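Working notes for the structure below.
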Amino acid sequence: MTPVRTFTTAGLAVWNDWVAAGCPDPSPAHLLSDPSMSTLLLPACEVEPREFADRYAFGCYLQKQLGSAPVGAIRFDVGLWDWLSLFYIDQLAPLQEPGRRKKQESVRLALQLAGRKWSRHLARMSWMSVQEHGERARMMLSVPMDVHPDLLEQLAGAQETFGSPTVIAAAFALYWDPEAKRTRRGAQAKGQGTPRRLGKLMRQLRRTWDPNAMTASQLLGLLPSREFGRWTKQAAS
């Protein structure tokens, strides 16, 4: 097991430069333990190199391993999440050929807190989705480690959706197939009844309704059938 650390200002500078350069191989692995580049996270937590089936499994693991750390203290700890990005870099930005890794949008590896860009950080959002929504995070995270799906982008990109347990519970009923254990066909699209439309509708509904004072079933009952009828029928079956 490896003690979890958090990047110092100097470590973050080197990390951000490496990410901006396209994550060339080799990775700056020395940042993980160099005392001038990273310091121990307190209270102490540990992780180990391992492969994960998907981002949901990754999020569950991080929630367990970071369980002794106060959520409020680590939620916006940029150094921590970027350190974890480097620790698991071979899965988050895997090598595609010698010297070249999969090209990733920089905010998926280097955490930015402005403009809700934090919602695109692969490591942090894997943890935060599980931390906030438990098993319902499967709907957003049943994808390979290096993938940021549009469904997660649409639900996590707005406080009206990701910040409401009721909205996420309703979305889980709409878009997750419990028998197939995967998102329903079409959930990643942009048409009627999709998460993209749900997010826009939530902004409208909040002018009249408070989703957090409702059950998921009550919220589903407010969705217009001409748009969401296909999805609500599946959720009820």
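Scanning segment 187-203 for residues that are of a type outside the set (D, E, K, R) and part of a helix (DSSP H, G or I) turns up P195, L198, G199, L201, M202. With respect to F228, is the statement that it is within 22 Å of R124 (Cα to Cα) and assigned to a helix (DSSP H, G or I) true? For F228, the condition - within 22 Å of R124 (Cα to Cα) and assigned to a helix (DSSP H, G or I) - is not met.
Residues in segment 222-231 include at least one that is more than 17 Å from S142 (Cβ to Cβ), crowded, with 18+ Cβ neighbours inside 10 Å, out of contact with any strand residue (DSSP E or B) (no Cβ under 9 Å at 6 or more places or on another chain) and among the aliphatic types (A, V, I, L, M).
Exactly one of these conditions fails for A187: (1) within 27 Å of F52 (Cβ to Cβ); (2) without any contact (Cβ under 8 Å) to a residue 24 or more places away in the chain. Give me its number. So A187 meets the others, but not (2). Selection of segment 89-130 for residues being polar (S, T, N, Q) and closer than 18 Å to D17 by Cα yields Q104, S106, Q112.
Every number here is computed from the coordinates shown, using simple stated rules; none is lab data. Since this is a predicted model, take the numbers as computed values, not measurements. Cβ coordinates were reconstructed from backbone atoms using ideal geometry, including for glycine residues, and neighbour counts include every protein chain displayed.
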